[in-house]
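Derivation of every value follows stated rules applied to the coordinates shown; laboratory data play no part. In this text the structure is predicted, and so the values were computed from the model without any measurement. Cβ coordinates were reconstructed from backbone atoms using ideal geometry, including for glycine residues, and neighbour counts include every protein chain displayed.
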Amino acid sequence: MRIFIAVVVFLWIPGALSADVPSDVRNSRETAAYSPSPEWVNYTNGDKVTDIADDGDFLWIGTQGGGIVKLNKLTDELTFYDRANAGLPDNHIATVETDTAGNLWIGSLNSGIGMFNGNTCTVYNSENSGLPYDVWNQAIETDADGNVWIGSLYDVSEFDGADWTSFRIGNLASSNFWIADMEFDAQGDAWIGTSLGLYRLRGDELIVYDDVNRGVNAIETDSDGNLWIGTERGGLFRYDGEEWTVFDTENSEIPSNSVYSIASDSEGNLWLGTWKGLVKFSGKDWQVFDSDNSGLPEDSVLSVEIDENDNIWCGLFHNGLVKYDGTGWKHYDTTNSVFPSNFVYSVETDHQGNIWFGVTEGVVRFDGKNWTVYDSEDFGLTYVNTTSIETDADGNLWMRTKDQELRHNHLVKYDGERWTEIASPLPKVQPWFIRTDSQGILWFGSGLNGVFRFDGTSWTNYNTDNSPLPGNYIRDIAFDSHGNVWIGSDKGLVRFDRKENWTLYNTDNSEIPYDTFATLEFDSEDVLWLGGGGLTRFDGTNWTSYNRDNSGISSNRIMDICEDDEGNLWLGTSPGGLVKYDRKDEWKVYDQSNSGIARDNVYAVTVDSHGNKWMGHNLSGLSVFREGGIVFTDKDSVTYHSADHDSLKFNISLSELLRVIQIYTTGEYHCASGTEDGYTPGKGGNQTCRPHDSDYSPQDWRIGLNELLRTIQFYNSAGYHTDMNSEDGFAPGKLSR
C-alpha cells in the first residue's frame, strides 16, 4: 500500500496546476492567526490605497496604515510588508516610487522615507540624513540622472545617493502647506504640486503659477508634452506651454472637480482617479466608470497606475485595489488582517483567554487561533463603533458602542450567544467608559456627568451635586484589594469606600503631582500607579513621581498601564511607544526607532497569559510583542501536524494523506474554517491563517512534490513526532510517552 500511494501521486502530476483564479480576492470574516515566532507583529487595515508603482511582473501598493503590499501580477500572490516584518519607516504610506536600480522608495506621513530593496529597508529621517522633515513626505520622483527627489512638507530635497540638497518651496508661516506631487518635464524642470498651488523649479529658480489657484493633487505629462494638473475641487488643468485649459463639472463631462491621480495609457488616453469614479479622457471624449456601471466597489478612486499591458490599476479610499483590463474587473484585498479599521480603542481579555478589541465598525475577537469580526450585518449588532469593552465576574462582555446615524452611545451586553442593549441613564452624547469590580458591579466614568454604578438591577449616579466628588469629568476608575473605589477626575483623585467615606487627594492637600490622570492601575502588591504628566506611584503613604527628567520614561503622556506575571509594568504612551518598567531601576523603551511597533502612540495595552503584549493604536491598528517570540498557544501543549486532524494520535491515516494529496493535485489551497483540517483546495481566497504543515519549503500556499513525499514518509513510518530542529518541525516515527 505504501508504494501504491507514491505511484498514484506521480500519475496525478499533469493536472496539478489546473485551477481558475477567482475574480475577487478577499479575506473571510473568520481567519486564523499565524506567527512564525517573530517578536513583533502588526495587524492593520490597508483598505485605503494611497499610491501604486508598477515594477514589471510586480505591483507595489502603498496603503494608509497598512504598510506596503507587493502583488505578483502573474500569480496574484500578495505579500505584506510593514514595520514589524520589514522595518518600514511607518505603516502610513503616502507615496511609492521605484528607481533605476530597482529599489522602492517609500514616503511616509509621519516618519521620514525608506529605501526598500526587497529584503531590508533603509530609513532616512531628519536625524540621520539631510531630509528636512519627518512628516508629510508625500511626493517622490526620480530624475533623468537617477537622483531621487522628495517633497517633504515645505521643501523639495534632491538625494544623489550621498549628498542632500534642499529647496524651500512653501512659506513656513503657512500651517496648511504641503507638497502633494512632482513631475519632471522634457527639459528636466521639476513641476511641484502643493496644497496651495503649482510651482516650477528650474535650476535654482522657483516659478509660481497663479493660473492654478487650487490645491494640486496630481501632475502628469503626456506624449505631446502637455502638462496635466489634477486639483482639489478645481477640476483638471492642461498646460501646453503657453495656454491653460480648465475642465470641470460645468464645462465638461468630468464627474467631479476633485482629481486625485492621473495616468496615461499607450494610446494617449488619460485615466483620472476622482471622487466620483474612474474617468477615461481621450482629449475629446469622456467615459466614467463608477460603482453603478462597472466593477468598482466604490466611487472614490485615490490612485491610478497603468502597466505595460495597459491594465488600469485603481487604488480606492475604502476597498483596496481593483484591476481593469479593458473588459473585466478584479478586486484585491490589500489588508493583512480582519480589522475593519485602524482605530483600536480598547483591548480586553475575558475569562476564557479570548482577547477582544473595540474598533471603529465593530468588535474583533481573537481566541488564540481564529479572528472573528462582529458587526451589524453579520451578528445582529445595531451599533458599530465600539470604544470601551469590559468583562464582568460572570464572563459577560459589556461595551459602549455608538450608532452611525445619531452618533448616540449605547450600552450593549454579550453573554456569549446574544447581543442585548441595556437601558441606562448613561449620557447619549458625552463619552463614557466601563470598569467592573471584584463583586461584579459595573462602574461607568463619564465626560460630564460623574460616576454611574450598576449592580445589575439599579443605577446610582455620583456627581458634584450629590457627593464629595470634586469633578464630573472622570478619566479612570480602579479598585484596590480592599474593595475601595479609586476615581480619577479632572479635579483630583478620590478614594470611595462604598459607604459614606470619600477621601480626596489633590495638589493642595497631598504630594500628588497633578490633579488629573489619564489612567489608574493597581499592581499585584496593591500599589496604585497613575499615568498622566509622567508616572506616579502611591503606596498608601508616599508619592513617587517618574517623568522624562528623572527617569528613563520616553513620554510623560501615559495612556494605559498593565502588569505582567513577572511584576513588570508596561506603559502605553503617546508618542513615546511602549515602555517596560521593572518597578526598580530599569526602563526599556520600544518605539519606531528600535522596534517593530506600528506607531508610537499606544492608547491601550494588555498582557495575555503567554506574555504577549497587545497594543491598540489610534489610526495604526494593533501591535503584538513578546520578548523571544510571540506565542499564541501554550508552551507545553501538544503540537500535531496539520494533516493529523482526525485522530490526533501522531500518525497520518490514509484518509488524511489523501486529503494532502488532494491539495497537492489542485495546485494551491487557502484557509477555510469550516473544513475538517481548516483548509480547502483552490487558488486565491483567504491566506491569513497558518499555512499547512506540509507547506514548509517554500511556504507559498502550495504543497510541492517534495513536501508531499515528506508527508508520505510520516504515513509510511506509522507515526511522527515534533522536532523543532527539522526543516518542517516534525520527524518520522512515534516517540514513547
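Protection proxy ranking, highest mean first, for peptides 398-409, 80-91: 80-91, 398-409, where packing is the per-residue count of other beta-carbon atoms within 10 Å, averaged. Considering only Cα-Cα distances, which of the following residue pairs are longer than 31 Å: K70/K613; K413/K683; K70/K280; K413/K588? K413/K683; K413/K588, as the Cα separations exceed 31 Å there. At what distance in angstrom do the alpha carbon centres of the stretch 126-162 and the stretch 60-100 lie from each other? Centre-to-centre distance over Cα atoms comes out at 19 Å. Scoring 489-495, 654-660 by mean Cβ neighbours within 10 Å over their residues and listing the highest first yields 489-495, 654-660. For T666, neighbours were defined as the other residues whose beta-carbon sits under 10 Å from its Cβ, and their charges (Lys and Arg +1, Asp and Glu -1) total +1. Ellipticity at 222 nm from helices only: DSSP H runs of n ≥ 4 in the chain, each -39500 (n - 2.57), divided by the residue count, give -1500 deg cm²/dmol. Once a ≥ b ≥ c are taken as the square roots of the eigenvalues of the Cα gyration tensor of the stretch 34-332, is the result rounded (a/c under 1.5), prolate (a/b larger than b/c) or oblate (a/b not larger than b/c)? In terms of gyration-tensor shape, oblate. Work out the charge dipole of the chain with +1 on the Cβ of Lys and Arg and -1 on the Cβ of Asp and Glu about the Cα centre, then indicate which of H92, S653, Q430 is farthest towards its positive end. Of H92, S653, Q430, it is S653. Would you work out the relative contact order for the chain, in percent, from Cα pairs under 8 angstrom that are 6 or more residues apart? Once normalised by length, the contact order is 11 percent. Within the same chain, lysines fewer than 8 places from K649 are excluded, and of the rest, those with a Cα less than 24 Å from its Cα are K369, K635, K734. Look at Y414, Y473, Y679 and count the other Cβ atoms within 10 Å of each Cβ; fewest to most, that gives Y473, Y414, Y679.
The peptide list 230-237, 357-364, put in order of mean Cβ contacts within 10 Å with the highest first, becomes 357-364, 230-237.
Take the alpha carbon atoms of the stretch 662-721, find their center, do the same for the stretch 601-626, and report the distance between the two centers in whole angstrom. Using only Cα atoms to place each centre, the spacing works out to 31 Å.
Applied to the stretch 352-363, the Karplus parametrisation 6.51 cos²θ - 1.76 cosθ + 1.60 on θ = phi - 60° returns per-residue 3J(HN,Hα) values of 8, x, 5, 10, 10, 10, x, 9, 5, 6, x, 10 Hz, with x for Gly and Pro. The distance linking the stretch 296-353 with the stretch 483-513 is 48 Å (Cα centroid to Cα centroid, whole angstrom).
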